[in-house]
Amino acid sequence: MCWAGIARLCLVNAAIGGMAALPVNLFNRLMTVELALPALLPGLLVALHYAVQITRPAWGHRSDRAGARVPVILGGMAVLGAGVLAAASAVGLPTGWALTVWVLAYAAIGVGIGAAGTSFLALLATVAPSDKRGAAATLAWLMLIAGAIAASVGTGAALEPYSPERLTTVVGVAVGVAMVLTVIATWGMDRDTPAPASAPPLRQALAQTWADPGARRFTGFVFLSILAFYLSELIFEPFAGHVHGLSPSESTKLSGGKDGAALLGMIGAGVLTQLRIGSLRIWAMVGCVVSAVGLIAMGSGAPLMPATVTLGLGNGLFVVGAIGSMMRLASDRQGAEGTTMGVFGAAQAIAAGLAGIAATATLDILRLILPAPAAYGTLFTIEALLFLAAALMAARILGPTPAILPGE
């Protein structure tokens, strides 16, 4: 497939990124600050949507056995969009009804992300030539971040003045845009998909993947690094509101700014690696360390914007190193790319879900005994330590040489 086709397909990830950003950032902020609900509530809801994604290996295995992946992507995006819109609509309901709708909506969000995201990655790994897989992976994740930025900044700007009714309208428009992008991205893509390979049953395929020492060790790295990565996701916008007094629009835009810095970090790491400056291993380690610096700065009361940009930049550097290595390991297991990506995705989902629960529950407890700045600062320090531990693990398991070059 040519670069134009790969770029068009990656619009799927932009749509997924935009939809996934709203529950984690905006809805979480509204529940915690505007509705004054315990931070644990959005933490549990986000954990639910990650728990549902433990089905990712099954979606990946299906993509190994069947060539028609586009219908799964479209169906997953439809379920994801319906869940996001339902979650937004429930913000203006009485608390009891809202809780019921949120549980169903976040479960639907998890199903949609798991089906569409895993099938998209399997399709990308299949149609992208081997010499373009690294660059395709980088482009896919750049589009993911770009989608999150567009959704965060766009909804933030459109929400002024804020009201529950305006929220539903704005989110409805965002869902419609995401669906249109997905249709454009996947139109005719199944025609470029090779005939499906013969694959063993799901249980046997999972056992074969776990028996691979490289895949098993990398799954551990994914779990630890994603645990660190997501600890601040659900507390970042509440932190901006509680400690710095930002409005929903302002905190959503700030979140978009963090994603923008991550985008710059990803581009920078990709370009430097292409120029043979550093390796994926190095950028994964540097990204973890820079992220830790940004977190410590936020927790210590440093100016918000520089600390936020530092955190986003580190996150972007880390993503390029980690995802590039993930694509290499998956492509090495020909005929089982989808299952392997599914296993990595399941580890990511479990870690992200645990991070949401741990962060929000700990925050609720800390705010009972500490002032808000100290409570958030303690959590940011814990996350920084986890990032440093992930950097040490990357030094051990990713090897001393580049696993794959994003521009290969």
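The values are calculated or read from the model by the stated rules, or taken from the named source; none is laboratory data. Just so we're clear, the structure is a prediction, and the values are computed from it rather than from any experiment. Quick reminder, even Gly has a Cβ in these numbers, built from the backbone with ideal geometry, and neighbours come from all protein chains shown.
Under the condition of being in contact with a helix residue (DSSP H, G or I) (Cβ under 7 Å, 6 or more places away or on another chain) and among the β-branched types (Val, Ile, Thr), the residues counted in region 78-100 number 3.
Screening the candidates ALA108, ALA68 for the property of being over 23 Å from GLY156 (Cα atoms), hydrophobic (A, V, I, L, M, F, W, C) and at pLDDT 90 or above yields one hit, ALA108. Within region 367-386, the set of residues being surrounded by 21 or more Cβ atoms within 10 Å (Cβ to Cβ) and among the hydroxyl-bearing types (Ser, Thr, Tyr) comprises TYR376 only. Here TRP97, TRP141 are screened, and the one residue that is part of a helix (DSSP H, G or I) and without any contact (Cβ under 8 Å) to a residue 12 or more places away in the chain is TRP97.
Being touching a helix residue (DSSP H, G or I) at 6+ places or on another chain (Cβ under 8 Å), at pLDDT 85 or above and not polar (S, T, N, Q) is a description that applies to LEU388. Just so you know, in region 1-16 the residues that are aliphatic (A, V, I, L, M) and surrounded by fewer than 19 Cβ atoms within 10 Å (Cβ to Cβ) include one that is farthest from VAL70 (Cα to Cα), and it is ALA4.
Name the residue that is surrounded by the fewest Cβ atoms within 10 Å (Cβ to Cβ), counting only residues in region 36-61 that are at pLDDT below 80 and farther than 30 Å from SER247 by Cβ. Ranking the candidates gives ALA58 first.
Would you mind finding the one in MET31, MET19 that is within 23 Å of LEU231 (Cα to Cα), crowded, with 21+ Cβ neighbours inside 10 Å and under 14 Å from the mean Cα position of the chain (by Cα)? Can you show your working first?
Values: MET31 fails: under 14 Å from the mean Cα position of the chain (by Cα).
Within the list MET31, MET19, the selection yields MET19.
Taking every residue in region 149-166 that is in a helix (DSSP H, G or I) and pairing it with any residue that is of a type in the set (D, E, K, R), at least 6 positions away or on another chain, the pairs with Cβ-Cβ distances below 7 Å are ILE149/ASP259; SER152/ASP259; VAL153/LYS253; GLY156/LYS253. Annotation note: Cβ proximity below 9 Å between a residue of region 212-229 that is at pLDDT 80 or above and in a helix (DSSP H, G or I) and a residue that is buried (at least 21 other Cβ atoms within 10 Å of the Cβ) and among the charged types (D, E, K, R) (sequence gap 6+ or interchain) occurs for LEU227/GLU383; ALA228/GLU383; PHE229/GLU383.
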